[in-house]
Protein chains: 2
Amino acid sequence: MVHPPAQTRTALEEATHRFVEAWGNMASAWGISRTMAQVYALLYASHEPLDTDHIMAELDISRGNANINLRKLIEWELVRKVEVADPHTRKEHFVAEKDVWALTTRVIRERSEKELKPVAAYLTEVGAQLSERANGRLTPEEDEFKRNLEAMSSFLRLFNSLTERLLPLLENRNQKQLETILKLLPTGKS
Amino acid sequence: MVHPPAQTRTALEEATHRFVEAWGNMASAWGISRTMAQVYALLYASHEPLDTDHIMAELDISRGNANINLRKLIEWELVRKVEVADPHTRKEHFVAEKDVWALTTRVIRERSEKELKPVAAYLTEVGAQLSERANGRLTPEEDEFKRNLEAMSSFLRLFNSLTERLLPLLENRNQKQLETILKLLPTGKS
DNA sequence: CTTCATTTTCATTCTGAATTGAAAATTTGA
DNA sequence: TCAAATTTTCAATTCAGAATGAAAATGAAG
């Protein structure tokens, strides 16, 4: 992309640029693609709706790329189309959900669904099939393995319920209550 | 790799195989490479220490790959070398940390360090530089952006402290206490 | 010191995911 | 219905991280 040189950028443009960069850099850590993160960041930073061409130019990406990532963001409910009263064009315009709470719960929920639940379920299944195939007569090694699987599985479930309980607090932006809970938790070793 | 046909596998071999597969599949979701996850799973499932050649054969991977992933796992303190009294060889042998609690805290801690802290810090910095460059006189748009950055940042910090408080409970395998906390949390919408 | 077993390194290759860009599809207005 | 504007699709390409495998390094035994 052809950015104006840093010196001629306004303070806001400069800050936006840094913000988009930062968001892109941490994208992979959050399990989303770099471009998807940057498109989101750009829309988040902008106080008015942007169209596809604007995004393409700003991030120096292709139309296909912009389109596909915008659709993914809409699917995640982090971005939505808006009507823009502009007689000269019928381009679609987009704005970002500016609620960090919503963003975070979305990411956590996706992860919980994809990373915790299926694994816990599968581990239990593997354990069950082991007993089944061994006809209930487990050797000491088999028994040990089975118990290890169960420990893993039950831990994942405990962890998952904890997450599930916390999510509504985030979803409802209940900062007060979160802080209360925070105080309940012991600091240091317990 | 040349597996024995499924029919001739023991129940334990079969279960191990499924376990390794499953662990490998969810690897990317947990932010670790497929092979690293499989090596860990294989060692976890084995009740005796394994050497590099064994791991290479079992997972059908190269020596370099096995070596590099074993070192990473040791770095993460999920696997360690053990002495094996065997006069015929001086191969190194490895065992896995079988404590799921340790495994989980490790993953969470890595993520918190990589995904939360740096971002929160950077967002604050971008906001500060914006004020600085604008010489304290912010336009309404700049002010809005700055407040959005601050909202993001403070939320990330709140979320991070929550994580930090929970981690020691996990680290100390304090299942009782975790369950108590679970009960404190309201169900449904609050 | 030399030899042999073993581990580590690293330039090269492979692989899957992200991206491109142009063609096809869709939508809108006249 | 047609033409122009815009979005969507998708085969081909690019790219980044993972894996390979052979050479170099290590280190233990005689």
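Every number in this text was worked out from the coordinates using simple rules, so none of it is lab data. From a predicted model like this one, the values you see are computed outputs, not experimental measurements. Cβ sites come from the backbone with ideal geometry, for glycine too, and all protein chains shown count toward neighbours.
Once you mark the trypsin sites (Lys or Arg not before Pro) that are in a DSSP loop and have at most 14 other Cβ atoms within 10 Å, what is the longest gap between them in chain A?
Here the longest segment lacking exposed loop sites spans A:1-89.
Hey, what angle do you get for helix A:100-111 against the long axis of chain A, alpha-carbon based, 0 to 90 degrees rounded to 10?
Approximately 40 degrees, to the nearest ten.
Note the angle between two axes, namely the Cα long axis of helix B:34-45 and the longest principal axis of the Cα atoms of chain B, as a number of degrees from 0 to 90, rounded to the nearest 10.
Compared with the principal axis, the helix lies near 60 degrees.
Measuring label to label, 7 Å along Cα→Cβ, what does B:Thr8 give against each other copy in nm, shortest first?
Ordered by increasing distance: 7.5 nm.
Taking the stretch A:66-123, which GluC sites (Glu not before Pro) meet the DSSP loop condition and have no more than 15 other C-beta atoms within 10 Å?
A:Glu77, A:Glu83, A:Glu92
For B:Ala57, place a label point 7 Å out from Cα along the Cα→Cβ vector, do the same in each other copy, and report the separations in nm, one decimal, smallest first.
Going from nearest to farthest copy, the values are 6.4 nm.
Could you tell me how far the Cα centroid of the stretch A:146-190 sits from the Cα centroid of the stretch B:123-169, in Å?
Distance between centres, Cα-based: 25 Å.
Contour minus end-to-end for A:Arg63 and A:Lys183, with contour as 0.36 nm per residue of separation and end-to-end as the Cα-Cα distance?
38.3 nm
Provide the convex hull volume over Cα atoms per residue for the protein assembly as shown, in Å³.
Cα convex hull per residue, to the nearest whole number: 206 Å³.
To the nearest 10 degrees, how steeply does helix A:140-171 sit against the main Cα axis of chain A, on a 0 to 90 scale?
40 degrees
Measure up B:Lys72/B:Lys98; A:Lys114/B:Lys91; A:Lys114/B:Lys81 against 28 Å on the Cα-Cα distance and list the ones that go over.
A:Lys114/B:Lys91; A:Lys114/B:Lys81, as the Cα separations exceed 28 Å there.
Given label points at 7 Å from Cα along Cα→Cβ, what nm distances, shortest first, separate B:Ser33 from the same residue in every other copy?
Values, ascending and in nm: 2.3.
Is the stretch B:1-104 best put as rounded, prolate or oblate by its Cα gyration tensor, with a ≥ b ≥ c the root eigenvalues, rounded for a/c under 1.5, and otherwise prolate when a/b is larger than b/c, oblate when not?
Taking the square roots of the gyration eigenvalues as a ≥ b ≥ c, the stretch B:1-104 is rounded.
Over chain A, what is the mean sequence separation of C-alpha contacts under 8 Å (at least six apart), divided by residue count, expressed as relative contact order in percent?
15 percent
For the protein assembly as shown, what is the calculated [θ] at 222 nm in deg cm²/dmol (nearest 500), taking -39500 (n - 2.57) for each run of four or more DSSP H residues and dividing by its residue count?
Taken over the protein assembly as shown, the calculation gives -20500 deg cm²/dmol.
With Rg and the Kirkwood Rh both taken from Cα atoms, where does Rg over Rh land for the stretch A:37-190?
On the Cα set of the stretch A:37-190, Rg over Rh gives 1.19.
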